[in-house]
């Protein structure tokens, strides 16, 4: 048999192996619901409840209250407002936790495989996951340089969109509406204090930018996707970063003193 004949004979087998490999790799990215139930009952049910309703044993002592998974409504997503999160979005919360809440990091206590499994189980609580797919993640343009000028412009954007109504003039989370805010389930919700030195969604500029565009589903924090330009959004990111004691030190020029923040 000529060499090219052997190749022709082996080709179908090689194609079959490639197909099998792709299936195996795809399965590696899909969690096992049954194993996920085991993980959930061990690590999650005490807060989020056995039924995923956010009414676990410790829920009454937890602020903010644990997520009710039955609604399929998630704050921290890379997808547009109203969309389901991707599995990667949920895993990011499991890995990083949520600063300032009782949601701790499971980066070391759970393996990647276990996180995929528990995500698969969490998704069984809401019928949305059976009938909908997450929308495509938001595209975030490159971040421009952090400068004194961008911070100054960002302060103007902060005023333009009336962010102080909830977050306060100096970003302490003490705006006029702060005490009356509720989430979609009627629970009190506190606007974030940007001066704490750590932002709940993540400290990277892209993490903060994403919140402006995606909003926080289930909360009074809306999406500004239709009203804010990319340049304004990045300036607002820089202003919010400037409120933190850990804001970047390589800024050129002198950032302004935010409204109400210790001006002489």
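May I ask you to verify whether residue 99 is in contact with a helix residue (DSSP H, G or I) (Cβ under 7 Å, 6 or more places away or on another chain), in a loop (DSSP other than H, G, I, E, B) and in contact (Cβ under 8 Å) with a residue 60 or more places away in the chain? It is false that residue 99 is in contact with a helix residue (DSSP H, G or I) (Cβ under 7 Å, 6 or more places away or on another chain), in a loop (DSSP other than H, G, I, E, B) and in contact (Cβ under 8 Å) with a residue 60 or more places away in the chain.
The residues of segment 102-122 that are within 25 Å of residue 189 (Cα to Cα) and either without any contact (Cβ under 8 Å) to a residue 24 or more places away in the chain or assigned to a loop (DSSP other than H, G, I, E, B) (or both), listed by number, are 102, 103, 104, 105, 106. Scanning segment 59-73 for residues that are assigned to a loop (DSSP other than H, G, I, E, B) and more than 12 Å from residue 103 (Cβ to Cβ) yields 68, 72, 73. Would you check if residue 262 is out of contact with any helix residue (DSSP H, G or I) (no Cβ under 6 Å at 6 or more places or on another chain) and modelled with pLDDT of 95 or more? So residue 262 fails the test.
Matching residues to (1) touching a helix residue (DSSP H, G or I) at 6+ places or on another chain (Cβ under 8 Å); (2) modelled with pLDDT of 95 or more; (3) assigned by TED's automatic domain parsing to the domain that holds residue 237; (4) on the phi > 0 side of the Ramachandran plot:
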| residue | (1), (2), (3), (4) |
| --- | --- |
| 105 | yes, no, no, no |
| 118 | yes, yes, no, no |
| 136 | no, yes, no, no |
| 139 | no, yes, no, no |
| 175 | yes, yes, yes, no |
| 186 | no, no, yes, yes |
| 189 | no, no, yes, no |
| 199 | yes, no, yes, no |
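For residue 132, the requirement of being within 30 Å of residue 52 (Cβ to Cβ), modelled with pLDDT of 95 or more and surrounded by fewer than 19 Cβ atoms within 10 Å (Cβ to Cβ) is met.
One line per residue, one yes/no per condition, for (1) more than 18 Å from the chain's Cα centre (by Cα); (2) more than 27 Å from residue 196 (Cα to Cα):
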| residue | (1), (2) |
| --- | --- |
| 115 | no, yes |
| 119 | no, yes |
| 123 | no, yes |
| 129 | no, yes |
| 136 | no, yes |
| 141 | no, no |
| 147 | yes, no |
| 151 | yes, no |
| 163 | yes, no |
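Looking only at segment 40-55, residues that are assigned to a loop (DSSP other than H, G, I, E, B) and buried (at least 19 other Cβ atoms within 10 Å of the Cβ) come to 4 in all.
Within segment 156-192, the set of residues being assigned to a loop (DSSP other than H, G, I, E, B) and under 19 Å from residue 65 (Cβ atoms) comprises 173, 181, 183, 184, 185, 186, 187, 189, 190, 191, 192. Scanning segment 56-97 for residues that are more than 16 Å from the chain's Cα centre (by Cα), farther than 22 Å from residue 130 by Cα and crowded, with 16+ Cβ neighbours inside 10 Å yields 56, 59, 62, 65. Restricting attention to segment 98-128, the residues being over 16 Å from residue 74 (Cα atoms) and loosely packed, with under 15 Cβ neighbours inside 10 Å number 8. Determine whether residue 244 is in a loop (DSSP other than H, G, I, E, B) and out of contact with any strand residue (DSSP E or B) (no Cβ under 6 Å at 6 or more places or on another chain). Answer is yes for this residue. Just for segment 198-229: of the residues that are under 11 Å from the mean Cα position of the chain (by Cα) and assigned to a loop (DSSP other than H, G, I, E, B), which one is nearest to residue 159 (Cα to Cα)? Out of the qualifying residues, it is 215.
Regarding segment 237-247, can at least one residue be identified that is at pLDDT below 90 and exposed (fewer than 14 other Cβ atoms within 10 Å of the Cβ)? Yes: one or more hits.
The values are calculated or read from the model by the stated rules, or taken from the named source; none is laboratory data. The structure displayed is predicted, hence computed values, not measured ones. Cβ: placed from backbone, ideal geometry, glycine included. Neighbour counts: every protein chain shown.
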